[in-house]
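Q: Dropping a structure here in structure tokens format, bear with me for questions.
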Amino acid sequence: MSHSREERLTNLFKALLIMLKELDGAAIYTREFDVEEPIFQDIFRTTWRDLEKMYCVEPHHTLHAHRYYLTGEGWRIAVNAIWEDNEAVLDQMLGDLMKALKAEVKGRDEDAYVDYEPFAISHGLSVGFVYNAIDGNLIEQRLEKRGAHWYEGDPIKGIEIPLDFGLPLL
């Protein structure tokens, strides 16, 4: 028997929240999730396909294992699901990130570029939060303001902070 739409959505959010909890603040690329782990025993097999189609997870299967990484999109959806219960902490973290990124373009006439790890450390920010927030486009999606992005779409190349960073989206 198939699961209802509501059951599938509930299960999808359950899977995302398990992965978010397991990350424990680390960058999304640092933790691979195997569907056979006991923590996923209640996750429907079809949920993984749904998560993949929604770009919430990226498959990294082997011959004998079905493994996934949480994507920035999946991380953002999970964080948004817990935001209300953790509002003070998450608002502070996002505000600190906004302030640090804005400081990089203040007084400039062009975009700024920074390596995410040294940037996070020098501003006293969580490296994992900075990585995940940039990868999940948290600023634009949550605040509806111009956010920062990976330079040429590649985290290794660093963060591109546009001159119009922090301005409301049009």
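Q: Would you pick out the residues in the stretch 93-133 that are under 18 Å from residue 156 (Cα atoms) and touching a residue at least 60 places away in the same chain (Cβ under 8 Å)?
A: Within the stretch 93-133, 101, 126, 127, 128, 129, 131, 132 meet the criteria.
Q: What number of residues within the stretch 62-94 are of a type outside the set (D, E, K, R) and under 16 Å from residue 16 (Cβ atoms)?
A: 16
Q: Same structure again: Can you tell me which residue is surrounded by the most Cβ atoms within 10 Å (Cβ to Cβ) among those in the stretch 129-162 that are part of a loop (DSSP other than H, G, I, E, B) and of a type in the set (Asp, Glu)?
A: 144
Q: Still on this structure, I have one more. With the condition kept exactly as written, say whether any residue in the stretch 73-87 is in contact (Cβ under 8 Å) with a residue 60 or more places away in the chain, out of contact with any strand residue (DSSP E or B) (no Cβ under 8 Å at 6 or more places or on another chain), of a type in the set (Phe, Trp, Tyr) and more than 25 Å from residue 153 (Cα to Cα).
A: Looking for residues that are in contact (Cβ under 8 Å) with a residue 60 or more places away in the chain, out of contact with any strand residue (DSSP E or B) (no Cβ under 8 Å at 6 or more places or on another chain), of a type in the set (Phe, Trp, Tyr) and more than 25 Å from residue 153 (Cα to Cα), one finds none in the stretch 73-87, hence no.
Laboratory data are not the source of any read-out in this text; all were calculated from the coordinates shown. Everything numeric in this text was worked out from a predicted model, so none of it was measured. Every residue, glycine among them, receives a Cβ derived from its backbone with ideal geometry; neighbour counts consider all protein chains shown.
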